[in-house]
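One structure is given here, and the rest of the page talks about it.
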Amino acid sequence: MKPAPPATRRKSRRLEGESFQTSVVYWTGVFEEKFNAAFVERMRAGKTIIPRWRTLSVLSEKSGVTVNELAHITRIERSALSHLLQQMEKEDLVVRRQASADKRNVHVYITPRGHQAFLTMLPVRREILREAACDIPPAQIDALRATIQALVAGLDAMADHQRLNGKPAAASPPPEAQG
């Protein structure tokens, strides 16, 4: 593999900084960890609330996605998601149904009880973010969101390029929460 051009190396140093203390990736992880800890505390729940939140959040907008799509969007490992869905189905938060056309595909739907659970969690998450961002102008928050989305798109393009060239793509670690 040939070295990156100087401009790319400069951009990389700006993103990663000279140490972990100046790394965008490090601080993004710290934010996510602290945000999730505050959410768990305010909900008075265990850590399983985070994957439940992600699942209900996605299904509140895209009820009926396949289990594979849900795993991809939520960044929850497939076998862990299957176990979680089994628990959530017992609690009447979701329902799973086999696709009529392809019995291998299972679609997941949010139930009214699941939607109510989502609506209970949503204001808590919004309040935490509002408090954390109280001194940050909305335009700066919008720019941050756009920047993170652009970085994710760059990683996706890199992985796609590697797959097209027959090289194994690096596995991307799942984020712990959706905003």
Once you put a point 7 Å from the Cα of residue 99 and another 7 Å from the Cα of residue 42, both along the Cβ direction, what distance in nm separates them?
3.7
Amide H neighbours of residue 111 at under 5 Å, excluding residues fewer than 5 places away on the same chain, with H built from the backbone geometry, are 94, 95
Heavy-atom SASA rank of 145, 130 (probe 1.4 Å, accessible area, largest first):
130, 145
Area of residue 62 that stays accessible when all protein chains are in place (1.4 Å probe, Å², to 10):
110
Which FRET efficiency value, to the nearest 0.05, is calculated for residue 136 and residue 26 with the Förster distance at 25 angstrom and r the Cβ-Cβ distance?
0.85
Honestly region 21-179 on the Cα gyration tensor test (a ≥ b ≥ c root eigenvalues; a/c under 1.5 rounded, otherwise a/b vs b/c for prolate or oblate) is just oblate
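Using a 1.4 Å probe on the protein heavy atoms, what percent of the accessible area of region 90-139 belongs to carbon and sulfur? The partial results should precede the final answer.
Details: 1940 of 3530 Å².
Solvent-exposed carbon and sulfur of region 90-139 make up 55 percent of the total.
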Under Stokes-Einstein, with the Kirkwood radius over Cα pairs standing in for Rh, what whole-number D in µm²/s applies to region 11-82 at 10 °C and 1.306 mPa s?
112
With a probe of 1.4 Å, find how much accessible area region 39-94 has per residue, and write the answer as a whole number in Å².
52
At 1.4 Å probe size, what's the solvent-accessible area of residue 96? Round to the nearest 10 Å².
80
Where Lys and Arg each count +1 and Asp and Glu each count -1, what net charge lies around residue 105 among other residues with Cβ under 12 Å from its Cβ?
+2
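The values are calculated or read from the model by the stated rules, or taken from the named source; none is laboratory data. Treat the numbers as computed from the prediction; the structure is a model and nothing was measured. In this analysis, Cβ positions are derived from the backbone assuming ideal geometry, glycine residues included, and neighbour counts consider all displayed protein chains. For the accessible areas, the whole protein counts, side chains as well, though only heavy atoms, and no ligand, DNA or RNA atoms are used. Shrake-Rupley method; radii C 1.70, N 1.55, O 1.52, S 1.80 Å.
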